[in-house]
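Quick notes on the structure that follows.
Rule-based calculations on the coordinates, nothing more; no lab input. Quantities reported herein were computed from a predicted structural model and do not represent experimental measurements. So basically every Cβ, Gly included, is an ideal-geometry build from the backbone, and we count neighbours across all protein chains shown.
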Amino acid sequence: MIFHVVGKSLEEPILLDEISPPQHQDFFLERVKSSLRGNLFAFRERSATEALLREIASGERNFTECTQALALDFQSRHKKTMSVGVFFIFELAAGDGVTIYALIKYDNEDVVRYVLEEGGSSVPRLERFQESFVRKPEAMQKIALVRLDDGAGGRIMVRDRSNTAHISDYFEGFLQARRVNDAADMSEKLAAALKDTLKANRDSLPEEIQRSGVNRIYEVLRQGPLFDPGDCEPLVTACFGVQPENSKVRRDLDRNLRNRGVSEETFDVSPERIQKPRRHRMETVEGVQVTYDEDNRPAIRERDDGRQEIVIVTAGLKRDDADIETGPRRG
């Protein structure tokens, strides 16, 4: 466990020595565990960050020396203002011989604490600190959890609070990594997961959604919303209406997102990849079905008796016959 002080007010980062044995391990491990969901990246060839982590893993160079090099590179790549904080590097054993490296930019927080004197004055003493670590997730501005592959390369789970849908340019440059999953492909997988969920739950949804749920999904996604698996509430409500916390709709959606491989990634939906199907189908309560394309939707007229008329204007009928494809089978 080691950290170095970085920030806009420093010409060079303040380089520190390793904390050994680590202190307050429970606090920092909980912070890492709270950030296990993120976007998947992979190292590019000749990544300097990968090379330094491999030197740590192999023991070729001193741990402190390598982390100092990482901190120097991290600060040098920030072209804009960077709040003062620390750059943490943890080497974590994940079981089965797997090692995870956690690289975290942790912002300092300006806090005031109170101290009660034992057996003394009833007036508390206030102390102000700027160099402090707090529990709130917003304090961890950038997180990269790295698992090195055998030989070369490695996978990185990234959370960047300045660009939740992707990664900031300078952090991407520091890691020298590329995103594994394409936002356009993930948009299609998200649409498929939502349609799978609708299909499994249509009969239990509000009448309006039962009637035109697929249209609703496509209308929502074609607005290009941000998909954040940590906050699906706006998407769930827009597509399926208000749902109880432990509803079947939510459970099915979680499973379908995992099955489609988009349960952990945050991304901007690509509207151009959300192509609304041209073929549509109407079905009446009597079981009458009408299939049509978007440019030839039948007109719906309200009747005085509360019923509705479906009006089809056509140049002529091509078929008016028994449907042998769905008729009863003979034994």
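Annotations
- Segment SER132..SER76, full-extension length gain: 17.8 nm, with 0.36 nm per residue of separation and the alpha-carbon distance subtracted.
- With Cα atoms, 0 to 90° folded angle of helix 248-260 axis to the chain main axis: 70 degrees
- Computed from Cα positions, the angle between helix 183-201 and the longest principal axis of the chain comes to roughly 50 degrees.
- Here the extension length gained between SER35 and ASN181 equals 50.6 nm, from 0.36 nm per residue of separation less the Cα-Cα distance.
- Each of ASP254 and ARG155 was given a label point 7 Å from its Cα along the Cα-to-Cβ line. The distance between the two points is 2.1 nm.
- Euclidean distance between Cα centres, the stretch 32-68 to the stretch 163-193, Å: 19 Å
- TYR292/ALA42 FRET efficiency (R0 45 Å; Cβ-Cβ; nearest 0.05): 0.50
- VAL112 versus ALA192: modelled label distance in nm, points set 7 Å from Cα along the beta carbon direction: 5.6 nm
- Taking every C-alpha pair closer than 8 Å and separated by at least 6 residues, the mean separation divided by the residue count of the stretch 1-151 gives a relative contact order of 24 percent.
- Cα centroid separation, the stretch 214-288 to the stretch 88-143: 38 Å.
- Two-site label geometry, ARG279 and LEU92: point separation in nm, points 7 Å out along Cα→Cβ: 4.9 nm
- Scanning the chain for trypsin sites (Lys or Arg not before Pro) lying in DSSP loops with no more than 12 further Cβ atoms inside 10 Å, the longest uninterrupted stretch between such sites is 136-277.
- Mean sequence separation of contacting Cα pairs (under 8 Å, at least six apart), scaled by the length of the chain, corresponds to a relative contact order of 15 percent.
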